[in-house]
Amino acid sequence: MPVSNHARVPPAPPALEVRDIAKRYAGKTAVRGISLRIEAGEIVGLLGPNGAGKTTTINMILGLLAPDAGQVMIAGLDLARQRAAALAQVNFQASYAPLPGNLTVRQNLLFFGRLYALPDVVRRVDELLESFKLTALARTRCGLLSSGEQARVALAKTLLNRPRLLLLDEPTSSLDPATADDLRRMIRDMATGNGCAVLWTSHNMLEVEQVCDHVLLLAQGRVLLQGNPRRLAAEHGDASLEALFIRIAREPLAGGEGA
Amino acid sequence: MNPRRVSAIVLRQIDLMRSSPTRVVPLVAWVAIDIVLWGYITRYLGSLSAHGPDFTLTLLGAVLLWDFFGRIMQGVTTAFFEDVWSRSFLNLFASPISVSEYVAGLVATSILTSLISLLVMLLLARFAFGLSLLAFGLPAAGFLAVLFLFGIALGIFASAVVLRLGPASEWLVWPIPALLSPFAAVFYPLHVLPQWMQAVAHVLPPAYVFEGLRALAAGRGVEPGTLLLAALLALLQIALALGFFVRVFRGAIRSGLLARYSAESVA
């Protein structure tokens, strides 16, 4: 009796699986037992007031901060044991992590392309310069670019290694509405077109409703709520996601599932 | 170790020098000034006593070698400071580069930049003051090798200190060669130093180099065993410095220092 090949193929591991990570540093508990899972092509929003633990969580996923407990698996690779292989599947952008301003756009992309050990880095950089309409700016130093141009270069940098997981920490925070809208569309296209999983932090709730498939609302280092951003507010008796966010931010212990 | 990642650090430095020639000036200017200044001092001292010691070897030669060591060390630290100044640590260490690949990139960058300085010094010393590295004979290779290794060790150590204490501690790094020079006995024999300074000198590989240089100028040979000891000492110091850097880096990952690395003052 013939056996289907499909039966033998193990399911692809999730792009990101975070299991119960915790971190205490600088005298306070920043993250206390966060778990999350993102599949290929999914965009997950990580929301929460300032100090909720979003950036700490992202830093732990990037290996920039060692968790006190828990595990980070990227595309089935354990970050703690297979750091280089795991990080080769990831890229990230954050407004607080600018690209070196004294290198030109092209030099920056070549530099990071080499860090990801891309086999044909020049061709890949040329592709990205073209697709992000950056060819005319290729010889301009990044420090001289406008915020919108810098965001485009940073996004081009995040795609150098064709990542399976993209971490975006408030990517539109310094952009005008039109540029932010362009950037959101680009990221949405990347997720649907390339199957790239995205973890996105933002304080813009309209943006989150528009872009994300799923959201986690953090407060005081814990996941308080999670669900579909377009239904979550109604499920918790709030008029909008923003109203729910404000309520959680003001009374985190009263509002969450984990309370 | 992936050579593409190591080369990224070196090629980044080349890009920086190409796009900003002012970065090349310090590689050339200070060593050129030193050679010209000490070249004339040497010439003047030589004119005072026709039958005195060979100042060209013992003074100008010492300056050339000491500046080479300084350039090696600063080659490592300056490449490291590029990441401090441009706040690149997050993007850099969120990539797959390992600490050993990063440090190898800093060392390779230092080789490139210090070779530029060495070439300028050799040309100036040869054509302006008649000092050729060939005058040292075969020991020249040993002298350069020992100073290279020690410069690398000190560069890695200094970078680790700045990683640990924050960007504002950069000022601690620049005076290190000047602080070591009295102990390294660059311009005078080791025996003129007090005992405690001699004890310090014995763990400094350059002290063996400069003793060898003076022995050469006095017509005595350089003991290969002494240079070998100095090279082994420097290799041990590289291993210790690398261990220290890795330890500081891991500590920075645990404590959150790497993620928060910004314009902080000395802690």
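Among the strands (runs of 3 or more DSSP E) lying completely within the range A:164-231, list those that include at least 3 residues that are closer than 15 Å to A:Ile58 by Cα and under 12 Å from the mean Cα position of the chain (by Cα). Quick ask: steps written out before the conclusion?
Working: elements: A:165-169, A:197-201, A:214-219, A:222-227.
So the answer is A:165-169, A:197-201.
Can you list residue pairs whose Cβ atoms sit under 6 Å apart, with the first residue in the range A:1-25 being at positive phi and the second being modelled with pLDDT of 75 or more? Count only pairs 6 or more apart in sequence or on different chains.
A:Asp20/A:Gly33; A:Asp20/A:Ser35; A:Asp20/A:Gly70
Just one of (1) more than 11 Å from every other protein chain (Cβ to nearest Cβ); (2) of a type outside the set (Asp, Glu); (3) assigned to a helix (DSSP H, G or I); (4) crowded, with 22+ Cβ neighbours inside 10 Å trips up A:Ala52, so point out which.
That leaves (3) as the condition not met.
Provide a single number: the residues in the range A:92-112 that are at the interface with chain B (Cβ under 8 Å from one of its Cβ atoms) and under 20 Å from the mean Cα position of the chain (by Cα). Explain how you work it out, then say what you get.
Applying the first criterion (at the interface with chain B (Cβ under 8 Å from one of its Cβ atoms)) to the range A:92-112 yields A:92, A:94, A:96-104, A:107, A:110-112.
Checking which are under 20 Å from the mean Cα position of the chain (by Cα) leaves us with A:92, A:94, A:96-99, A:112.
Final tally of qualifying residues: 7.
Sort out which residues of the range A:189-236 are basic (Lys, Arg) and touching a strand residue (DSSP E or B) at 6+ places or on another chain (Cβ under 7 Å), and write them in order of number. Spell out the reasoning first.
So in the range A:189-236, the residues basic (Lys, Arg) come out as A:222, A:230-231.
Selection gives A:Arg222 alone.
Where in the range B:196-267 are there helices (runs of 4 or more DSSP H), lying wholly inside it, with at least 1 residues that are within 14 Å of another protein chain (Cβ to nearest Cβ) and aliphatic (A, V, I, L, M)? Lay out the reasoning, then the answer.
On the way: elements: B:205-217, B:224-255, B:257-260.
Once the helices (runs of 4 or more DSSP H) in the range B:196-267 are filtered for at least 1 residues that are within 14 Å of another protein chain (Cβ to nearest Cβ) and aliphatic (A, V, I, L, M), what remains is B:224-255, B:257-260.
Being hydrophobic (A, V, I, L, M, F, W, C) and surrounded by fewer than 22 Cβ atoms within 10 Å (Cβ to Cβ) is the filter here, so list the residues in the range B:130-147 that pass it. Explain how you work it out, then say what you get.
Our first condition is that a residue be hydrophobic (A, V, I, L, M, F, W, C); within the range B:130-147, this holds for B:131, B:133-136, B:138, B:140-141, B:143-147.
Residues satisfying the conditions are B:Leu133, B:Leu134, B:Ala135, B:Leu138, B:Ala140, B:Ala141, B:Leu144, B:Ala145.
Taking the range A:151-163, which residues are in a loop (DSSP other than H, G, I, E, B) and of a type in the set (A, V, I, L, M)? Even if it seems obvious, please write down each step before you answer.
First, the residues of the range A:151-163 that are in a loop (DSSP other than H, G, I, E, B): A:160-163.
Matches in the range A:151-163: A:Leu160 only.
Right, A:Ala40: among the hydrophobic types (A, V, I, L, M, F, W, C) and part of a loop (DSSP other than H, G, I, E, B) or not? Spell out how you get there, then give the answer.
Details: among the hydrophobic types (A, V, I, L, M, F, W, C): yes; part of a loop (DSSP other than H, G, I, E, B): yes.
The answer is yes for A:Ala40.
Checking the conditions here, which among B:Leu112, B:Leu134, B:Leu92 is away from every other protein chain (no Cβ under 14 Å) and either in contact (Cβ under 8 Å) with a residue 40 or more places away in the chain or farther than 30 Å from B:Thr42 by Cβ (or both)?
Working: B:Leu134 fails: either in contact (Cβ under 8 Å) with a residue 40 or more places away in the chain or farther than 30 Å from B:Thr42 by Cβ (or both); B:Leu92 fails: away from every other protein chain (no Cβ under 14 Å).
Testing whether each residue is away from every other protein chain (no Cβ under 14 Å) and either in contact (Cβ under 8 Å) with a residue 40 or more places away in the chain or farther than 30 Å from B:Thr42 by Cβ (or both) leaves just B:Leu112.
The values are calculated or read from the model by the stated rules, or taken from the named source; none is laboratory data. A quick note: this is a predicted structure, and the numbers were derived from the prediction, not measured. Heads up, the Cβs are rebuilt from the backbone with ideal geometry, glycines too, and the neighbour counts pull from every protein chain shown.
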